[in-house]
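The structure under discussion appears below in the form of structure tokens.
The values are calculated or read from the model by the stated rules, or taken from the named source; none is laboratory data. Since we're looking at a predicted model, the values are computed, not measured. FYI the Cβ positions are ideal-geometry reconstructions off the backbone, even for glycines, and counts take in every protein chain you see.
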Amino acid sequence: MVVFGSIALFAEMTNLPSFELVFIRCLSATLFLGSCWLISGQYRNEEWNSKEVLQTLACGIFLVFNWVFIFKSFETTSITVAISVHNLAPVLMLLLGSVFYREKLKIKSVFSILLCFFGTVFISDIDFSASFKELLPVGVLWALAGALFNAFMTLLGKGITKLSPYATTFLQTGLGIMILFPFIQMGAFSILTFGNWTAAIATGIIHTGITFLLFFDSLRFLSTKVISIVNVK
């Protein structure tokens, strides 16, 4: 999560729109993870289960669009507001976890959820006199969508126990490449500087490959409450 905190800075440094940035992120991560998977020999020990593979791919869809939505919110509102609203993900995670994993919510947890929600409303600087359509450009709705997809991604990832973190993340980022490829504009890459490319590839290797490898490795061992605490970034 410490590394996740710098993603907004790197996103700004890439000078790429949301879809193109997530595409490069997925491509770099897939190449990196595939190499590590082969070199480590972990691919020989994989336990392939059709149900878990489908769950991993579904998790990957939520993961990819979580990235698209949060980067879209960076484009349409301030980073402070986008990150603050996106940090509702742990709150949503606790609520959904109580439903899907039957983890009981204590009064203290409910109070914390309400406090977090109202704090997010105030810091997001929402104009309550504006129409729903006028709120969209502010970026708040993009960040909220990202938070919801982040929560579903984490809860689905928690149920993946047989596939290795290498296989899990490789499948998800590989799926991301296929989903995003039809929508990207190749012209967006022609104007990039060396610094832009460095930042873009770093988001793929560091913020995606290494970080999510560790993230999905830890999910299976932690409760929803613990995950929600460390998932605040």
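Observations on the model:
- Residue pairs whose Cβ atoms lie under 9 Å apart, sitting 6 or more positions apart in sequence or on different chains, and linking a residue in region 126-151 that is modelled with pLDDT under 85 to a partner that is charged (D, E, K, R) and assigned to a helix (DSSP H, G or I), are 127/134; 139/72; 139/75.
- Test result for residue 79, among the aliphatic types (A, V, I, L, M) and either modelled with pLDDT under 90 or in contact with a Leu (Cβ under 6 Å, 6 or more places away or on another chain) (or both): yes
- Subset tally (residues that are buried (at least 16 other Cβ atoms within 10 Å of the Cβ) and not in a loop (DSSP other than H, G, I, E, B)) for region 159-195: 16
- Applying the criterion of being within 15 Å of the chain's Cα centre (by Cα) and of a type in the set (Phe, Trp, Tyr) to the residues of region 16-70, the residue that is farthest from residue 202 (Cα to Cα) is 62.
- Of the residues making up region 76-96, not a single one is among the hydrophobic types (A, V, I, L, M, F, W, C), buried (at least 17 other Cβ atoms within 10 Å of the Cβ), closer than 14 Å to residue 200 by Cβ and in contact with a Ser or Thr (Cβ under 9 Å, 6 or more places away or on another chain).
- Any hit, region 32-45, residues being out of contact with any strand residue (DSSP E or B) (no Cβ under 9 Å at 6 or more places or on another chain) and under 26 Å from residue 190 (Cβ atoms): yes
- Residue count for region 51-76, restricted to those that are more than 13 Å from residue 147 (Cα to Cα), of a type in the set (Val, Ile, Thr) and at pLDDT 90 or above: 3
- When residue 221 is tested against the conditions (1) modelled with pLDDT under 90; (2) touching a helix residue (DSSP H, G or I) at 6+ places or on another chain (Cβ under 8 Å); (3) closer than 24 Å to residue 57 by Cα, the lone failure is (2).
- Taken together, the residues in region 1-34 that are surrounded by fewer than 22 Cβ atoms within 10 Å (Cβ to Cβ), among the hydroxyl-bearing types (Ser, Thr, Tyr) and under 22 Å from residue 157 (Cα atoms) amount to 1.
- In this structure, residue 47 does satisfy being farther than 24 Å from residue 10 by Cα and not in a helix (DSSP H, G or I).
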